[in-house]
DNA sequence: ATAGATGCAAAGAGTTTGCATAGGT
DNA sequence: ACCTATGCAAACTCTTTGCATCTAT
């Protein structure tokens, strides 16, 4: 039986409160505000556990480590800022992507990642 | 000045001859047919060098290590088989993706990866 | 002969795992 | 009290780097 620990609650709360998908490191830093001695191994273990139980999901990114976000209802994609590396949700989807695949290939999903500058970095005009 | 070595030639040849983007490990295995003592460090060093000089390009994939392919002229995307993990080129692009980004965000590029079963794995009905 | 390239092994970075202990239930 | 969860450190995997040696020019 799975237990409710301060660490697990903090990790879940941080992800639920975030407005964007977080990296394990971001989760660690944010959750340490609540549980100061929190270790990275605990973060990884809980991310895996929360993914398995379905309350959060991993966001795989091209060439970067995964981010984690609450399980959403709607299909959506992501935007990664080339300046601060943070990832944001993007709503909407071009749709009908299966037609792009070569003949004989079965498509059952896709990942779309947009790149550029987030509003904050644009304002800071880095 | 950059030299022409058996290792470098073999690595370049393997990538040019492939019909799909190859992982460093795939490059190593294929190039060893030509240069038996080839080391993985040499593969990595040459991949970086070839990317820098522009003759090949890295294909970043969500949650997987990069693959390498010759520099193509046309913008295209990729398909990764969930069964054999191999990556294939996909021609075409849904286009007009910048509109999906939140207001204030500047989009300057994108990556699209399709997932499913490649023709070969479909035939093997794994 | 010179200086870039290679192979090996060690070093890094990120993630996972083993183990003794802390702490939910 | 029992047994899961934690923190630390070691182990792992993938990639990069240091160094002595090899080799293209």
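What does the copy distance list look like for residue B:76, label position 7 Å along Cα→Cβ, in nm and ordered from shortest?
3.3
Using only Cα atoms, locate the centre of segment A:88-126 and the centre of segment A:1-56, then give the distance between them in Å, rounded to an integer.
First find each Cα centre; the distance between them is then 26 Å.
As a test of the formula, what do you get for the protein assembly as shown when each DSSP H run with n ≥ 4 contributes -39,500 (n - 2.57) and the sum is divided by the residue count, at 222 nm and rounded to the nearest 500 deg cm²/dmol? Show your work: numbers first, answer last.
Numbers: 8 runs with 76 residues, N = 252.
Calculated at 222 nm, the ellipticity per residue is -8500 deg cm²/dmol.
How far apart, in nanometres, would the label points at residue B:103 and residue B:51 be if each is projected 7 angstrom from Cα along the Cα-to-Cβ direction?
Modelled inter-label distance: 3.7 nm.
Determine the principal axes of the Cα atoms in segment A:77-125, then give the extent along each, sorted from largest to smallest and rounded to whole angstroms.
Extents along the principal axes, in whole Å: 47, 17, 12.
What is the helix-to-structure angle for B:40-52, meaning the angle in degrees between its Cα long axis and the longest Cα principal axis of chain B, kept from 0 to 90 and rounded to the nearest 10?
Around 60 degrees separate the two axes.
Roughly how tilted is helix B:6-17, in degrees to the nearest 10 and between 0 and 90, from the longest Cα axis of chain B?
40
Starting at 0 and stepping by 5 Å, how many percent of the alpha carbon pairs of segment A:6-70 end up in each bin?
4, 21, 33, 26, 12, 3, 0
Can you sort A:9, A:19, B:65 from fewest to most other Cβ atoms within 10 Å of each residue's own Cβ?
Working: A:9 14, A:19 8, B:65 11.
By the 10 Å Cβ count, ascending: A:19, B:65, A:9.
Given the rotation relating A and B, tell me which residue in A puts its Cβ closest to the axis and the distance in Å.
Taking Cβ atoms only, the nearest residue and its distance are A:94, 2.
How many nanometers, to one decimal and shortest first, lie between the label point of residue B:9 and those of its other copies, if labels sit 7 Å from Cα toward Cβ?
So the label point of residue B:9 gives 6.8 nm to the other copies.
Which of rounded, prolate or oblate describes chain A when judged by the alpha-carbon gyration tensor and an a/c cut-off of 1.5?
Details: a/c = 2.51, a/b = 1.39, b/c = 1.81.
Cα axes put chain A in the oblate bin.
Counting only C-alpha contacts under 8 Å and six or more residues apart, can you give the relative contact order of segment B:6-70 as a whole percent?
Worked out over segment B:6-70, it gives 37 percent.
What is the protein assembly as shown by shape, rounded, prolate or oblate, if you read a ≥ b ≥ c off the alpha carbon gyration tensor as root eigenvalues and call it rounded for a/c under 1.5, prolate for a/b larger than b/c, and oblate otherwise? If you can, show how the numbers build up before the last one.
Numbers: a/c = 1.67, a/b = 1.56, b/c = 1.07.
It comes out prolate by the Cα gyration axes.
Looking at segment B:77-125 only, what percent of DSSP beta bridges run antiparallel? Nearest 5 please.
On the way: 4 of 8 bridges.
So the antiparallel bridges in segment B:77-125 amount to around 50 percent.
Restricting the count to DSSP beta bridges whose residues both fall in chain A, what percent are antiparallel, rounded to a multiple of 5? Before the final figure, lay out each step's value.
Values: 11 of 15 bridges.
Once the DSSP bridges in chain A are tallied, antiparallel ones form about 75 percent.
Using the count of nearby Cβ atoms within 10 Å as a rough guide to exposure, how do A:105, A:79 rank from fewest to most? Before the final figure, lay out each step's value.
Details: A:105 20, A:79 24.
With the sparsest Cβ surroundings first, the list reads A:105, A:79.
For residue A:120 and residue A:3 in the same chain, what is the full-extension length gain: residue separation times 0.36 nm, less their Cα-Cα distance, in nm? Before the final figure, lay out the partial values.
Numbers: separation 117, 0.36 × 117 = 42.12 nm, distance 3.88 nm.
Going from the current span to full extension adds 38.2 nm.
Among A:2, B:34, which comes first, then next, by fewest other beta-carbon atoms within 10 Å?
Values: A:2 7, B:34 14.
So the ranking, lowest neighbour count to highest, is A:2, B:34.
May I ask you to report, in nm to one decimal and beginning with the shortest, the distances from residue B:51 to the same position in the other copies, taking label points 7 Å along Cα-to-Cβ?
2.3
Coordinate-derived values only; no laboratory data. Keep in mind it's a predicted model, so treat the numbers as computed, not measured. Virtual Cβ from ideal backbone geometry, glycine too; neighbours counted across all protein chains shown.
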